[in-house]
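Trainee: Before I ask anything, let me first share the structure, which is written out below as structure tokens.
The values are calculated or read from the model by the stated rules, or taken from the named source; none is laboratory data. These numbers were taken from a predicted model, which means no experiment stands behind them. Methodologically, a virtual Cβ is constructed for each residue, glycine included, from the backbone with ideal geometry; neighbour enumeration extends over all protein chains shown. When the accessible area is computed, the model is the full protein with side chains, heavy atoms only, and any ligands, DNA or RNA have been set aside. Shrake-Rupley method; radii C 1.70, N 1.55, O 1.52, S 1.80 Å.
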Amino acid sequence: MNLDFQKILEKANEYKPEMSRFLRDLIAIPGESCNEELVIKRIKEEMDKVGFDKVDIDPMGNILGYIGHGKHLIAMDAHIDTVGVGEIKNWDYDPYEGYEDDEVIIGRGASDQLGGMASMVYAGKIIKDLGLEGDYTLVVTGTVQEEDCDGLCWQYIINEGKVVPEFVVITEPTSLNIYRGQRGRMEIKVSTKGLSCHGSAPDRGDNAIYKMAPILTELRALNENLMDHDFLGKGTLTVSEIFFSSPSRCAVADGCTISVDRRLTAGETYEYALQQIKNLPAVKEANAEVDMYDYERKSYTGLVYPTKSYFPTWLIEEDHPATKTLVESYQGLFNSQPLVDKWTFSTNAVSIMGRFGIPCIGFGPGAEKEAHAPNEKTWKSELVKAAAMYAVIPAIYVNKYADKMPESTKNLVDNK
């Protein structure tokens, strides 16, 4: 197939107003994790409108829209849940009503990552309009609960739905760069126990909050001494939450728990990360309990799909067929060399590649720094360029790289 890259770009630009309207419609619907139903329904409406061949909503509530009927199954994924708005006074515009001018769209989810969904849906229309179908089936997924538990949706899609693509394009924001890996993460809880008594005589009790204090200091120091990797960067940890139990404000606390956000670089397994904390002198002195959180919230459909809050690190080769497919697509469309890099944050690829070994490659509109921030924005020009890329990728893969795809893709980091 000879691709007319200029014509594809022109067609993508033609749909800029419709992509922008669709994105603003998605932003206008509050859709935090486990409450995405109305967002999913709006996506289905748009997929049907632009001519997807089939649109399914699975029992977890993920939407899967199909283009084509060929033998090579390629997936493109956007999670469509968002975080909350935070302190409303930090917003210059209503987070859901948003704002739009000639260059940007502002609102919760604009970059993270409803913009990716808008571009993918209109890539499907471009494929249909320009006859770019080939020996492939493209499945565009709008996935739920990612902000709560990255990759859980794809554990369900692969294990229960039996949808196993040859590779997956993750459309999280990359500022139109190509990303081939990310650090993993885990959610850890550390708990101390004490003995309550009346606050007027604290010596009669054993204060669990005081037991936690030196642990906090040692965790802060531990963060400075974690492993580093020349590409993925350094492992990190931060204390993200603190809870207590006490009979009243006039009593010694008998329990204290903290949450630790631990980012894992190459060579850091979850066992290693847990043991590091267990080995801290203050943890031993307090006889504190250290464990991973479990995730078992109901999806908006009522389905519960429990998992440990562990999200593996992953990295694929720079010369992997998936990477080469995107690099060639980029070069053809934009006549320049892309930056091949990695995410700082976590994505659904922690399951797709990290757990299942299905190669993932990232390319998305919007910027990482906009994620979870007030006045979150994305750029209309990036929506257009991303739609053109997503329309080109399947044809280039099938015509040049499908026969070079390895039977299994090696994760370049050791999660074992």
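Trainee: As a test of reading the structure, rank 372, 320 by solvent-accessible area (1.4 Å probe, protein chains only), most first.
Mentor: Final ranking, largest accessible area leading: 372, 320.
Trainee: Where the only charges are on Cβ atoms (+1 Lys, Arg; -1 Asp, Glu), what is the dipole of the chain about its Cα centre, to the nearest 20 debye?
Mentor: 540 debye
Trainee: Looking at this model, which pairs from 44/380; 128/385; 49/385; 54/410; 162/278; 41/125 are more than 28 angstrom apart at the alpha-carbon?
Mentor: Among 44/380; 128/385; 49/385; 54/410; 162/278; 41/125, the Cα-Cα distance tops 28 Å for 54/410; 162/278.
Trainee: So between residue 7 and residue 49, what do we pick up on full extension, going 0.36 nm a residue minus the alpha carbon distance?
Mentor: Taking residue 7 through residue 49 to full extension adds about 12.9 nm, to one decimal.
Trainee: For the pair residue 249/residue 408, report the inter-label distance in nm, with labels modelled 7 Å from Cα in the Cβ direction.
Mentor: In this crude label model, residue 249 to residue 408 measures out at 5.9 nm.
Trainee: Rounded, prolate or oblate for region 263-337? Axes are the square roots of the Cα gyration tensor eigenvalues, ordered a ≥ b ≥ c, and the cut-off for rounded is a/c under 1.5.
Mentor: Here region 263-337 falls in the oblate category.
Trainee: Whose amide H sits under 5 Å from the amide H of residue 136, counting only residues 5 or more places off or on another chain, with H placed in the peptide plane?
Mentor: 69, 70, 71, 72
Trainee: With an 8 Å cut-off on Cα pairs and a minimum separation of 6 or more residues, tell me the relative contact order of the chain in percent.
Mentor: For the chain, the relative contact order is 25 percent.
Trainee: Can you give the accessible area of residue 10, probe radius 1.4 Å, in Å² rounded to 10?
Mentor: 110 Å²
Trainee: Let me ask something else. To the nearest 10 square angstrom, what accessible area does residue 130 show with a 1.4 Å probe?
Mentor: 50 Å²
Trainee: Rounded, prolate or oblate: which fits the chain when a ≥ b ≥ c are the square roots of the eigenvalues of the alpha-carbon gyration tensor, with rounded for a/c under 1.5 and prolate only if a/b beats b/c?
Mentor: Prolate.
Trainee: Using the Cβ atoms and a cut-off under 12 Å, what net charge is assigned to the surroundings of residue 382, where Lys and Arg are +1 and Asp and Glu are -1?
Mentor: +2
Trainee: Also, quick follow-up: Rounded to the nearest Å, what's the spacing between the alpha carbon centres of region 115-190 and region 376-416? Just the number, please.
Mentor: First find each Cα centre; the distance between them is then 10 Å.
Trainee: Shifting gears a bit: Quick one: net charge around residue 188, please, counting Lys, Arg +1 and Asp, Glu -1 for every other residue with C-beta under 13 Å from its C-beta.
Mentor: -2
Trainee: Same structure, new question: Suppose only helical runs count, i.e. DSSP H with n ≥ 4. What mean residue ellipticity at 222 nm does that imply for the chain under -39500 (n - 2.57) per run, divided by all residues and rounded to the nearest 500 deg cm²/dmol?
Mentor: About -9500 deg cm²/dmol.
Trainee: Same structure, new question: Relative contact order for region 60-130 using alpha-carbon pairs under 8 Å, separation at least 6, rounded to a whole percent?
Mentor: Across region 60-130, relative contact order equals 31 percent.
Trainee: Can you grab the distance from the C-alpha centre of region 80-108 to the C-alpha centre of region 215-236, Å, no decimals?
Mentor: Region 80-108 and region 215-236 have Cα centres separated by 33 Å.
Trainee: If you don't mind, another one. Report the accessible area of residue 104, computed with a 1.4 Å probe over the heavy atoms of all protein chains in place, in Å² rounded to the nearest 10.
Mentor: Number for this one is 20 Å².
Trainee: Averaging the inverse of every distinct alpha carbon separation and then flipping it gives the Kirkwood radius. What is it for region 61-192, in angstrom units?
Mentor: For region 61-192, inverting the mean 1/r across all distinct Cα pairs yields 16.9 Å.
Trainee: Mind ranking 69, 229, 198 by accessible surface for me, highest first, 1.4 Å probe?
Mentor: My answer, sorted largest first, is 69, 198, 229.
Trainee: Continuing with this model, one more query. Relative contact order for region 147-249: what is it in percent, counting Cα pairs under 8 Å that are at least 6 residues apart?
Mentor: 18 percent
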